[in-house]
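In what follows, a structure is listed as structure tokens, so that the remarks can point back to it.
The values are calculated or read from the model by the stated rules, or taken from the named source; none is laboratory data. Only a predicted model underlies this, so the values are computations on that prediction, with no experimental measurement involved. Positions of Cβ are backbone-derived with ideal geometry, glycine not excepted, and every protein chain shown enters the neighbour counts. Accessible surface areas use protein heavy atoms only, side chains included; no ligands, DNA or RNA. Shrake-Rupley method; radii C 1.70, N 1.55, O 1.52, S 1.80 Å.
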Amino acid sequence: MSTLEQKLMNTTETVFTAEFHSLDGNGLEKAKKYADRFRGWFDGVNATDNTAAHAHVSNVASAIAIKQLGLEPILQIVCRDKNRLAQQADIMGASMFGVENFVALTGDDVTAGDEPEARRVFDTDGPQLVRLMGTLKRGEYMSGRKIDPAPHMFIGAVENPGAPPFEYRVQRVAKKYAAGAKFLQLQICYHQDRLEKFCAGVRDAGLAGKIAIIPTVVLVKGARPLNFMHNSVPGIDVPADQIARVEMAADPAEEAYLQTLEFAQHALAQPGVRGLHLTDFRNDETLERLMTDLGRVRQTAANSSTTNEVKDDHAYSA
Amino acid sequence: MTTFIATIEHVVKGPVWGCQDCGQCVLHSTGMTCPMNCPKTLRNGPCGGVRENGHCEVKPEMKCVWLKAYDRTQDWPLPSSWKDEYNHLRPPVDNRLKGTSSWKNFFTKRDRWTPAGWKNTTDESVAQGVDH
């Protein structure tokens, strides 16, 4: 059982996950540098799948690297680039190397990337991919051909609480839950009221405690990335007052940090929220500050062994 | 004969619904809105890229197909059994049916064939009737 699954299913602990940076060369050295930055802070690290429709080191290779570097990978799989056969092969391949956490998402369109002329695939969609993962977990390929032993999988999905149609997003969560998703990483949402309604909606749909909600926050150093997300990333709307707050501040970097901290604390206070997913730019030195301000203690080899014993107790008593 | 039916279907459904001839029509369960007009051909609801004005991530001038489907399912006087199907988990497209008549596939039940691995995996999916 993965640490992420263990914590989410058998404890009430808050979990922290993060987006591993895209890799474009420099071998494992670069991966190690990123891994060292995250080490001890996170319960799982997302191996991304061609983020924003740009080609990078593959999600499977990244996940294996993350695993070998001693962190726990969450293999992200999008529907844009590969058909159902390739998706199954990737899951089975990663599983062979001990990857246990999987998260299914539709993915940005090819037109969002730097090769918009590419063919888009979408042979499956997000909810279908969740069920396909459930099929593999049960020990079958989609065809019904047996897999023995079945891969061990902890399955998650993604939802955007900040994009219309808002009330329908909750029904989509129910659909993904029914398809087999146990956790839900949310896309970044700069509207606190929308996140509140979304989380309350999931609770009112009877899914509280059944699907672990993990909202995302982004660490930025100023108003520029906020403007970029607002203007260039479909599905993300940053309210003008939130941008102005950072733009007009005497110290924009400090204000941007405080804003992120506020969003993080607000998100963690919502019903059904079991943790936080963190995205940042690779040189942001406020990562440790944020984690510390949120009450997280960095795990080291010395203090993690004690925690592991506690975790095992939980596992056996559950 | 088969080609003839497919042609008739195309002539009728093309101009009205923007039919893409997938051969496994789900119009009734999507508020009479063809999901194959979504640039990502999503059959289970909108992606996370819907713009603030409700328009498509890929085609900013077009309203999201799934927003249309959602609104029509709420507002149009469709049979309640059709409305109930809106939230069903529709299986991946059977690409072999592309270009064939969904009317014929409906009557022969060919459009309801799914691979052996596509079945309920959780108790919840049975309870919520999400299977196709």
Residue A:102 fails exactly one of (1) within 13 Å of chain B (Cβ to nearest Cβ); (2) not in a loop (DSSP other than H, G, I, E, B), namely (1)
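Just for segment A:134-147: of the residues that are within 9 Å of chain B (Cβ to nearest Cβ) and in contact (Cβ under 8 Å) with a residue 12 or more places away in the chain, which one is surrounded by the fewest Cβ atoms within 10 Å (Cβ to Cβ)?
A:138
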Inside segment A:106-121, the number of residues satisfying the requirement of being within 7 Å of another protein chain (Cβ to nearest Cβ) and either touching a strand residue (DSSP E or B) at 6+ places or on another chain (Cβ under 6 Å) or more than 18 Å from residue A:234 (Cα to Cα) (or both) is 0
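Every residue, every condition in (1) more than 15 Å from the chain's Cα centre (by Cα); (2) open to solvent by 10 Å² or more (accessible area, probe 1.4 Å), yes or no:
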| site | (1), (2) |
| --- | --- |
| A:149 | yes, yes |
| A:163 | yes, no |
| A:174 | yes, yes |
| A:189 | no, yes |
| A:193 | yes, yes |
| A:203 | yes, yes |
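Residues are listed down the side, and each one gets a yes or a no for (1) assigned to a helix (DSSP H, G or I); (2) at pLDDT below 95; (3) under 21 Å from residue A:17 (Cβ atoms); (4) under 20 Å from the mean Cα position of the chain (by Cα):
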position: A:245; (1), (2), (3), (4): yes, no, no, no
position: A:263; (1), (2), (3), (4): yes, no, yes, yes
position: A:271; (1), (2), (3), (4): no, no, yes, yes
position: A:279; (1), (2), (3), (4): no, yes, yes, yes
position: A:303; (1), (2), (3), (4): yes, yes, yes, no
position: A:306; (1), (2), (3), (4): yes, yes, no, no
Among A:27, A:40, A:70, the single one that is small (Gly, Ala, Ser), touching a Lys or Arg at 6+ places or on another chain (Cβ under 6 Å) and away from every other protein chain (no Cβ under 14 Å) is A:40
Of (1) in contact (Cβ under 8 Å) with a residue 40 or more places away in the chain; (2) within 12 Å of chain A (Cβ to nearest Cβ); (3) of a type in the set (A, V, I, L, M, F, W, C), residue B:76 fails just (2)
Here the residues within segment A:139-168 that are modelled with pLDDT of 95 or more, outside any loop (DSSP other than H, G, I, E, B) and farther than 15 Å from residue A:75 by Cβ are A:140, A:146, A:159
Among B:6, B:69, the single one that is modelled with pLDDT under 90 and either buried (at least 20 other Cβ atoms within 10 Å of the Cβ) or more than 11 Å from chain A (Cβ to nearest Cβ) (or both) is B:6
Checked B:45, B:49 against criteria (within 29 Å of residue A:190 (Cα to Cα) and in contact with a Lys or Arg (Cβ under 7 Å, 6 or more places away or on another chain)); the one match is B:45
Residue pairs within 7 Å by beta carbon, gap of at least six or interchain, first lying in segment B:8-22 and farther than 12 Å from residue B:36 by Cβ, second of a type outside the set (A, V, I, L, M) and buried (at least 16 other Cβ atoms within 10 Å of the Cβ), listed first then second, are B:9/B:101; B:9/B:102; B:9/B:103; B:10/B:19; B:10/B:21
Exactly one of B:85, B:57, B:61, B:52 is facing chain A (nearest Cβ under 8 Å) and open to solvent by 30 Å² or more (accessible area, probe 1.4 Å), and that one is B:52
Apart from one, (1) within 27 Å of residue A:186 (Cα to Cα); (2) modelled with pLDDT of 90 or more all hold for residue B:74; the odd one out is (2)
Within segment A:205-231, residues more than 13 Å from every other protein chain (Cβ to nearest Cβ), part of a helix (DSSP H, G or I) and open to solvent by less than 10 Å² (accessible area, probe 1.4 Å) come out as A:226
